[in-house]
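To start, the structure under review is shown below, and the notes come after it.
The values are calculated or read from the model by the stated rules, or taken from the named source; none is laboratory data. Just so you know, these numbers come straight off a predicted model, no measurement behind them. Neighbour counts run over all protein chains shown; Cβ positions are idealised from the backbone, glycine included. With ligands, DNA and RNA removed, areas are computed over all heavy atoms of the protein, side chains included. Shrake-Rupley method; radii C 1.70, N 1.55, O 1.52, S 1.80 Å.
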Amino acid sequence: MTQRPYIVGNWKMNGSRAMLAEARAIDRAAQRYPDVEIALAPPFPFVGPLREAVTAIGVGGQDCHTATKGAHTGDVSAPMLADIGADFVILGHSERRRDHGEKDALVRAKAEAALAAGLGVIICVGETLDERDAGKAEAVVDRQVKGSVPPGESAAVAAGRLAVAYEPVWAIGTGRVAAVEDVIAMHAAVRARLVAIFGEEADKVRILYGGSVNGENAAGLLGAEGVGGALVGGASLTTDAFLPIVAAASQPAD
Ligand code: PEP
């Protein structure tokens, strides 16, 4: 792994003020792993409080609107996230694609808005089980990357503000993890599409794996060729579950 590994916890719709204690503990422990970039993305109400609670780790949102402000009840804009100290935003997560019907073009517009606001962006892609069983995993993910990644963002890419998370939908929250050889193949396919979009600068884009990553399987996944880190759901909710993943990123298996 040549890039600094990026381990991001996605709290999804979990969290409370009491859970900020977990974030503080992760933040304290992060100082033992300076070779790993660590971040947490809590639900919107906790982005600001979490920002105030930590110093060593990054803080992000889980979505943003395409517009900067206006009549969009319930939504949050990228400049608002930036204003409360967020560093990045996760976009196009399969749960948003499923629950809110988000399509690639919308994800791309959100990414443009987030990058314009100075945020980093993690764009999620991944195939369903039906798509994998039909032999379409690579084609689906290639189409998602092509449609969701904004092509005119070379400066942001050069600055390392774009990451892509390959998250097979069937592996998210299921305890079922993609085989390492499949992860390597899918990451290579994502990389090839990014090179087609950005040329040489594409090597600044970290490609994360997501889907039931835990302390036991992290070393194998993070040591796989082309894996630049992990997007972690369930195992990011407690310090005890999250830190072994960070430790594995710090010393990936060869
Ligand atoms: C995720 O939320 O992006 C995720 C990968 O979840 P989990 O680790 O729980 O599968």
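Remarks
- If the condition is being open to solvent by less than 10 Å² (accessible area, probe 1.4 Å), of a type outside the set (S, T, Y) and out of contact with any Leu (no Cβ under 6 Å at 6 or more places or on another chain), then the stretch 229-254 contributes V232, F242, I245, V246.
- Condition check for P34: over 25 Å from P244 (Cα atoms) and either within 16 Å of the ligand (Cβ to nearest atom) or more than 18 Å from the chain's Cα centre (by Cα) (or both): no
- Cβ-Cβ contacts under 7 Å between residues 6 or more apart (or on different chains), taken from a first residue in the stretch 93-119 that is among the β-branched types (V, I, T) to a second residue that is surrounded by 20 or more Cβ atoms within 10 Å (Cβ to Cβ), are listed as V107/L91; V107/G92; V107/I123; V107/S148.
- Residue list for the stretch 42-56, filter: among the aliphatic types (A, V, I, L, M) and more than 21 Å from Q3 (Cα to Cα): V47, L50, A53, V54
- The stretch 1-15: number of residues that are open to solvent by 40 Å² or more (accessible area, probe 1.4 Å) and at pLDDT 95 or above: 3
- Residues of the stretch 202-221 satisfying the condition of being surrounded by fewer than 19 Cβ atoms within 10 Å (Cβ to Cβ) and either in a strand (DSSP E or B) or away from the ligand (no atom under 11 Å from the Cβ) (or both): D203, K204, G215, E216, A219, G220
- The stretch 138-175, residues that are within 16 Å of the ligand (Cβ to nearest atom) and either surrounded by fewer than 16 Cβ atoms within 10 Å (Cβ to Cβ) or among the basic types (K, R) (or both): G173, T174, G175
- Only one entry in A247, A224, A230 is touching a helix residue (DSSP H, G or I) at 6+ places or on another chain (Cβ under 9 Å), outside any loop (DSSP other than H, G, I, E, B) and away from the ligand (no atom under 12 Å from the Cβ), namely A247.
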